[in-house]
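The values are calculated or read from the model by the stated rules, or taken from the named source; none is laboratory data. This one's a predicted model, so the numbers in the text were calculated from it and none came from an experiment. Don't worry about glycine lacking a Cβ; one is built from the backbone with ideal geometry, like all the others, and counts go over all protein chains shown. For accessibility, only protein heavy atoms count, side chains too; no ligands or nucleic acids. Shrake-Rupley method; radii C 1.70, N 1.55, O 1.52, S 1.80 Å.
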Amino acid sequence: MSEIKKKRCRSLTPLAATVALALAMASADINAVPLSIERSNLSADEWLTRDSGIEIQLNRLPNAEDGRLRFFAGKRDITTLFQSIAPGHYRYQGKRVRLPSGEQNLTIYRVHPDRGWLEIGSLPLRVLSSGGFEEAEFQPRVDIGSQSQLDEKVEGDAFPSGDGDDAGLNTSAGFTGRHVRNGWTLDSSASFVGASRREEALRFGEQGVDAPKFDLSDYRVSLNDDSLALSLGHVSFGNNRLLVSDVANRGFTLNKAFGNRFDLSLSSQNGSSVTGYNNLLGHGERKHNIAGVSLGTELIGQRPGALRVELSYLRASILPESDFDSGEVVDAEESHGFGLRIIGSTPSGRLRGELLAASSSYTNPEDPLLAQGEALVAVKRERSKARAAELAYDLLRDAQLTRDRSLSLTLSARHERIDPLYKSVGAFPTPDLISNHLDLDLLFGELALQLKYQRGEDNLDDIDTILKTRTVNRLASLSLPLNTTFGTEASAILPTLSYNYARVHQYGVNRPPEFTDASHIPDQISRSHNLDLNWGFTRWGLAYAFAIADQDNRQAGRDQADSRTTQHSLNLTLTPFEALDLNLGLGRTEQENKEIGKINRADSQSFGFAWRITDRLGLNSNMSRTRESDSLGLASGDNHNLALQLNWRYYLPFGGGRKLPGELFLRYAMDDSEREEREFDLASDAATTTVVGGINLSLL
């Protein structure tokens, strides 16, 4: 080697060492930087189509120390679908394999042989469905069933059922759906019913032999966003219980919010309930329609519900409708009116109230179907008013009296006055009535106490020829779980106690001229006490109920026409092992007629069990006996009932690895009754036994 070359090598050695050291330090710095996602084309505010591509750039190139990368869409491993197109740059070609629709996360892991799975980062992955929806759900269902009376035996005075052995097929089907896109949501649902026997068809009562065997029961389609909602099908409308309250028939509703201060609701519905495919929109007859509009405003926009005012208008016209084989007399009705509703509360919610007012014009228009060619006296159109008010105040709210118990006390009052002859087609308040209510609700720990006082009277115009009746109610109810109230081991065997008391005094205030005798003026006090004790444990439960109802007649000449009813019942439930449930019941009822000195008694016993023999096979049974008698020996009766049913669940193989669930059942029933009326020398003895078999299957 020449001297020049030696000098050149000696001069390069320090430089090479420096470069090598720098590269080593750079490599060490790179390895010290943890892997992370630097950028991507995914955004939490944007939706991708199923064939969109995904690009992800990491902050550096992974190396052997990082391990292998794994990509997951939700719980689905899509690692093999990502390609490396540059150092640390990965691409998913959606057109080759489509993305899973819905909202989920795209998560990247690095898997090291020694350190296991470590998450690098996660990105929101929002993919439209194949129809272009952000959310798409559609759940159909089809259930079919058939049952047949295999045998029937009647004895004595019993009559055959007439069902025969014809196997009837019944079907119920329907679907629910939900589709979301660009802030709009479309909800849909429908129900269908079918029957092989015409008399079991949905509209048999309306159309008789012309009723279709497979029919539409109900449907509803709703489209809404943050401020607008439109619904078709079986809809509900109305918040004013005096004018229009939750009227639910086939039709449409439209609700529109204008900011956070104003909202408008519109509705137009059929005048009565509609089923079937005819009149899908509920507007088949103009004079058989209920239409309403409501305008609401929040007077304090910063606090919704602080003070809200609603104005309502109702226009309704109903034509007479009756079943094809019914003998009832029906009449046409018309009403239109206005309503006001004001609700409000203080910021804390301790004081809250509601004010209602309505004015309604009502009449029965001329109905040729009812007149049948006769000259009828026309009903005069009448405009009447109604009002109601309710106020509630929390005297105490969660006041901590002990370490683990607080006290709440609420006082509420309600007033309602409905003018005589007031009526609205869209609501059902009782006309010609004024009532006042005062309630006190107490909650202390798990103890709940309610006290109520109610006073009302009718004949508000004080018409001399109409009886004016006043009613005063006093009610009390108590619920107390004794097993947890005292918090001791000994108290665990104590029951939950429930008690209800009611006292109702109804009496006439005036004496119309037609009431010639003082005994015609009612004056009656009814009292009732109901006590329930319930013990509940893992393997057994016990319930005892006692009730007594006393009727005290105080009207002149009828003060001895009193009665009293006393009831006792005891029910024991046992689960000796997980697959078997047993229940035993005992009861006695005594009805005393004090006027004639007679007591009617009824003693009952019952026994039942549910035995889950296997996961698919089950046996259920209920047996009961009731014996009746009276203290004067005038009548007696004895009735036995037995029901036994064997069930077997099965699963039919279906495509895609699915299994369709179904059930086979065999039911035996026996009813044997004897009755003797010695006072009238009458006796009857009837027994019926039936055997019924059936099958059910869910197709979807």
Surpassing 31 Å at the alpha-carbon level, of the pairs Lys256/Lys423; Lys385/Lys468; Lys423/Lys468; Lys256/Lys452; Lys287/Lys380, are Lys256/Lys452
Heavy-atom accessible area of the chain with neighbours in place, 1.4 angstrom probe: carbon+sulfur share in percent works out to 56
Between the residues Val504, Asn279, Thr176, the Cα farthest towards the positive end of the dipole of the chain, that dipole coming from +1 and -1 charges on the beta-carbon of Lys, Arg, Asp and Glu, is from Thr176
Measuring from the longest principal axis of the C-alpha atoms of the chain, the long axis of helix 3-32 (C-alpha) lies at a number of degrees, nearest 10, equal to 10
The alpha-carbon center of segment 251-324 and that of segment 551-608 are separated, in whole Å, by 47
Projected onto their principal axes, the Cα atoms of segment 60-164 stretch, largest extent first, over whole-Å spans of 94, 38, 20
Rounded to whole angstroms and listed largest first, the alpha-carbon spread of segment 568-653 along its three principal axes comes to 68, 23, 15
Computed Rg/Rh for segment 104-174 (Cα atoms; Rh = Kirkwood radius) stands at 1.55
Among Ala687, Ala669, Gly637, the residue whose Cα sits farthest towards the positive end of the charge dipole of segment 609-700 (+1 at Cβ of Lys and Arg, -1 at Cβ of Asp and Glu, taken about the Cα centre) is Ala669
Neighbours of Leu646 by Cβ distance under 13 Å: Lys/Arg at +1, Asp/Glu at -1, summed charge +3
Whole-Å distance linking the alpha carbon centroid of segment 434-498 with that of segment 641-700 is 42
Among (i) 150, 68, 63; (ii) 76, 66, 55; (iii) 76, 74, 54, the value of Cα extents along the principal axes in Å computed for this structure carries the label (i)
Residue-normalised 222 nm signal for the chain, counting each DSSP H run of n ≥ 4 as -39,500 (n - 2.57), nearest 500 deg cm²/dmol, is -2000 deg cm²/dmol
Quick P(r) readout (segment 149-214; Cα-Cα; 5 Å bins; whole %) gives 3, 13, 14, 12, 13, 11, 11, 7, 6, 3, 3, 2, 1, 1, 0
Computed for segment 582-632: size of charge dipole around the Cα centre, +1 on C-beta of each Lys and Arg, -1 on C-beta of each Asp and Glu, debye to nearest 20, value 220
In the neighbourhood of Glu457 defined by beta carbon distances under 13 Å, the net charge of the other residues (Lys, Arg +1; Asp, Glu -1) is -1
With +1 at each Lys and Arg Cβ and -1 at each Asp and Glu Cβ, the charge dipole magnitude of the chain around its Cα centre, to the nearest 20 debye, comes out at 5360
Given unit charges at Cβ for Lys, Arg (+) and Asp, Glu (-), the dipole magnitude of segment 531-646 about its Cα centre in debye, nearest 20, is 240
Scoring only Lys, Arg, Asp and Glu (+1, +1, -1, -1) among other residues with Cβ under 13 Å from the Cβ of Leu307 yields +2
Heavy-atom accessible area of Phe486, protein chains in place, probe 1.4 angstrom, given in Å² to nearest 10, is 130
If each part is reduced to its alpha-carbon centroid, segment 518-546 and segment 115-152 end up apart, in Å, by 48
The correct ranking of Glu46, Glu333, Glu592 by accessible area at 1.4 Å, largest first, is Glu46, Glu592, Glu333
Once all protein chains are kept in place, Thr469 shows an accessible area at probe 1.4 Å, nearest 10 Å², of 20
